[in-house]
1. Go through region B:68-100 and report how many residues are within 14 Å of the chain's Cα centre (by Cα) and of a type outside the set (V, I, T).
2. Evaluate region B:139-146: report whether one residue or more is over 17 Å from B:S80 (Cβ atoms), open to solvent by less than 40 Å² (accessible area, probe 1.4 Å) and within 13 Å of chain A (Cβ to nearest Cβ).
3. What number of residues in region B:89-110 are among the β-branched types (V, I, T), modelled with pLDDT of 95 or more and either out of contact with any helix residue (DSSP H, G or I) (no Cβ under 7 Å at 6 or more places or on another chain) or closer than 21 Å to B:T129 by Cβ (or both)?
4. Within region B:157-164, is even one residue more than 14 Å from every other protein chain (Cβ to nearest Cβ) and either within 13 Å of the chain's Cα centre (by Cα) or without any contact (Cβ under 8 Å) to a residue 24 or more places away in the chain (or both)?
5. Which ranges mark the strands (runs of 3 or more DSSP E) fully within region A:86-164 that have 3 or more residues being aliphatic (A, V, I, L, M) and open to solvent by less than 30 Å² (accessible area, probe 1.4 Å)?
6. Sort out which residues of region A:58-74 are more than 10 Å from chain B (Cβ to nearest Cβ) and either surrounded by fewer than 17 Cβ atoms within 10 Å (Cβ to Cβ) or touching a residue at least 24 places away in the same chain (Cβ under 8 Å) (or both), and write them in order of number.
7. Taking interchain pairs and intrachain pairs at least six residues apart, which have beta carbon atoms under 8 angstrom, with the first residue in region B:34-56 and on the phi > 0 side of the Ramachandran plot and the second open to solvent by 20 Å² or more (accessible area, probe 1.4 Å) and among the aliphatic types (A, V, I, L, M)?
8. If A:C183 satisfies every condition in (1) within 19 Å of the chain's Cα centre (by Cα); (2) without any contact (Cβ under 8 Å) to a residue 60 or more places away in the chain but one, which is the exception?
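The values are calculated or read from the model by the stated rules, or taken from the named source; none is laboratory data. Everything numeric here is computed off the predicted structure, so don't read it as measured data. When we count neighbours, we look across all protein chains shown, and the Cβ atoms used for this are built from the backbone with ideal geometry, even at glycine. Side chains are part of the model used for accessible areas, which takes the heavy atoms of the whole protein and leaves out ligands, DNA and RNA. Shrake-Rupley method; radii C 1.70, N 1.55, O 1.52, S 1.80 Å.
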Amino acid sequence: MSNQQLSTKEKIAKRVAKEFKDGDVVNLGIGMPTLVSNYIDPNISVFVQSENGVVGVSKASATEKSPNLVNAGGAPVGMIKGGVFIDSLTSFALIRGGHIDATVLGGLQVDQAGNLANWMVPGKMVPGMGGAMDLVAGTKKVIIAMEHVNKKGEAKILKECTLPLTAQGVVSMIITELAVFECANGQLTLTEISEDSHLEEIKAKTEATFVVSEKLHKHKGE
Amino acid sequence: MKVIKKEELSNLIKSNQTLMIGGFMSIGIPETIVNYLSEMPIQDLTIITNDTGVLKNPVDEQIGVGKLLLHKKVQKVIASHIGMNAETGRQMIAKEIEVELIPQGTLAERIHAGGAGLGGILTPTGLGTIVQEGKEVITVDGQEYLLEKPLQADVALIKAHKADTYGNLVYHQAARNFNPVMALAAKTVIVEVDELIELGELNPEEVITPFIVVDKILVKED
């Protein structure tokens, strides 16, 4: 499938999937991050953990659906051979204890210090943090997968988050439909630009100060 | 005899009590018990639960903890997520109920502490966020943690797949979630099961919750 035919969310999901290595255990957040599993290289084994208590999530079978086999978003899923069920205590021991290689979460705002805000908008939306605060506190690599700007066209990658934080300095990487940033030591580095964007557009749509990587390259999403 | 009929719940659950209720969204909820409770003449309950369920339309098909909110039985909710049930948010904003949001892994560990005789737990989750407000920060070997205190309840209402007549429990798939940990942390533990089987029919290796913490068993009604 060429990139032109993909929606913005699919493009982001496809790029995120390239971050996974053979043998990784990953947790995919509700919504767009769940799409990432559609694009994982079929030649590698990536194990998906879902915080409601499943290790080894696979696609739901068309014929054998079970009401008790769902992911953390409540969507029906399947399970790989060798997959296991665990309780919430064990699930979050895996998450907080550093046993998960990567988590992919959405973001409302990320800032150049690697701070993340993705759980509430005061006075408007207070859904609760669910498992997000634990996921970002304990997972080795925190990938924020989000659209580059919000619905009003405002920057989401900021100098400083204005919404209540999910955690401080935890973001490893930001992947949007336009660009990829790496975040380390309180500094944001632009490492990739989507083939249908350019540096001027990234600068215009990013409030944060960032360094342009010497190795900057355009990715084709192939 | 641990096995009860639902009518006996009115002797076990009273107004102003703190209840733990197992489940994750609509999975692993003691539905028969919650439905009966929502019709009982009780009020001002404090509910400790992962989430307040999914608001369905029409609302009379509501399942789970949301039903207790709809019937105005609740004075306070302690949960990690309320975003799938707009009625919880409405009652919170209208100040009809109090809501305390806790990160999901912290919720599991606080309940565990309450059931395991621990004075609390130290977690990095929530550091530098509003979750930290009013809490003690303790440094261990140079790493900061929040002190999170134990949670206990008067009654835990949990859901298991099968029980024997002693109350040994096995769970089904992702319906395990918060149920085993809540079984440790309440003065009275009432389990709803899909199936009641004879003593000796469960493989002792498979039992997740041992009978000594289970007080009452109620067989699910369709």
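1. Total meeting the criteria: 5.
2. The answer is no; no qualifying residue exists.
3. Total meeting the criteria: 3.
4. Checked region B:157-164: at least one residue is more than 14 Å from every other protein chain (Cβ to nearest Cβ) and either within 13 Å of the chain's Cα centre (by Cα) or without any contact (Cβ under 8 Å) to a residue 24 or more places away in the chain (or both).
5. Qualifying strands (runs of 3 or more DSSP E): A:102-105, A:141-145.
6. Result: A:S58, A:K59, A:S61, A:A62, A:T63, A:E64, A:K65.
7. Here the result reads B:G53/B:M25; B:G53/B:I63; B:G53/B:M84, each pair linking region B:34-56 to a residue that is open to solvent by 20 Å² or more (accessible area, probe 1.4 Å) and among the aliphatic types (A, V, I, L, M).
8. (2)
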